[in-house]
1. Mind sorting 22, 199 by how few other Cβ atoms lie within 10 Å of their own Cβ, fewest first?
2. Using only the alpha-carbon atoms, what does segment 68-217 span along each of its principal axes? Please give whole angstrom values in decreasing order.
3. For a quick size check, give me the Cα extents of segment 72-125 along its three principal axes, largest first, whole Å.
4. Mind giving me the FRET efficiency for residue 169 and residue 131? R0 is 22 Å, r the Cβ-Cβ distance, nearest 0.05 is fine.
5. In whole Hz and in residue order, list the ³J(HN,Hα) couplings for segment 17-34 that follow from phi through the Karplus curve 6.51 cos²θ - 1.76 cosθ + 1.60, θ = phi - 60°; x for Gly and Pro.
6. How far apart, in nm, are the 7 Å Cα→Cβ label points at residue 19 and residue 150?
7. Once you list every other residue whose beta carbon is under 11 Å from the beta carbon of residue 93, what net charge do they have if Lys and Arg are +1 and Asp and Glu are -1?
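Derivation of every value follows stated rules applied to the coordinates shown; laboratory data play no part. Note that the structure is predicted; figures quoted are calculated from it, not measured. All Cβ positions, glycine included, derive from the backbone under ideal geometry; neighbour counts span all protein chains shown.
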Amino acid sequence: MQKSFSDLEYAAKKKLTRRDVFLAKIDSVTPWSQLHKLIEPFYPKVEGAGRPPMMHQSKKGNDWHFGLKAHIGVDAASGLVHTVIGTAGNVSDVTQAHALLHGDEVAAMGDAGYQGVEKREENPGKDVTWHVAMKRTKRKALPKNKLGRMTEKLEHLKASVRAKVEHPFHVVKNLFRHRKARYRGLEKNTAQLFTLFGFANLMLAGRQFRRAGRMDCM
């Protein structure tokens with residue numbers, strides 16, 4: 001049976017779903033022009049081609065990485081993130097140490113990238129004891145005697161406590177698959193980091209609540 005033009009026209013039309021109808025209604029009542037004016041200052045147009053001026057590259061091992069760094073402060077007891085700072089990729093970790101403190105710490109721990117943190121001009125006067133990991137080269141050069149073994153145990157203890165800072169990164173990088181900067185600007189990428197680590201806190205806290213619930217039932 002030969003189809004008429006009206007049949008072909010009807011067949012080409014897509015059936016509207018409830019989602020399509022809902023989005024069409026929202027689109028008709030949303031003042032897009034006013035919203036564009038409100039968000040325009042936060043999404044500036046990049047003049048010309050090239051990389052954003054606030055994003056830089058840094059070397060990690062033998063590889064060069066371009067983009068940004070996420071510096072986080074994590075509570076040693078709960079393992080939850082309390083501070084997030086986004087910087088360019090060439091900013092040293094130790095320069096942000098003072099900003100990662102919430103003010104009630106008695107002790108703070110960091111990896112070898114925070115060597116010399118207690119001597120920096122931002123930190124004198126802070127009532128915080130710093131426990132910073134030894135550099136790998138110095139750790140390998142420890143003497144094979146009692147003092148060297150005690151120092152190695154101390155480094156292992158510091159690493160076991162500091163390892164909690166890696167758990168939120170595991171959630172963001174491996175579970176959320178956020179391993180590369182999504183945007184060109186530093187501010188937008190930092191805003192996304194706040195969201196991602198906020199959701200990471202929810203996941204980590206949820207695990208703790210479920211674990212506590214199982215213990216109560218035992």
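1. Working: 22 10, 199 15.
Ascending number of Cβ neighbours within 10 Å: 22, 199.
2. In descending order, the Cα extents are 48, 47, 30 Å.
3. The Cα atoms of segment 72-125 stretch 29, 27, 18 Å along their principal axes.
4. Values: r = 20 Å, r/R0 = 0.89.
E between residue 169 and residue 131, to the nearest 0.05, is 0.65.
5. Per residue, the Karplus-derived 3J(HN,Hα) values read 8, 5, 5, 4, 5, 4, 5, 5, 5, 4, 5, 6, 9, 7, x, 4, 4, 5 Hz.
6. 6.5
7. Details: positive: 69; negative: 111.
Here the count lands on 0.
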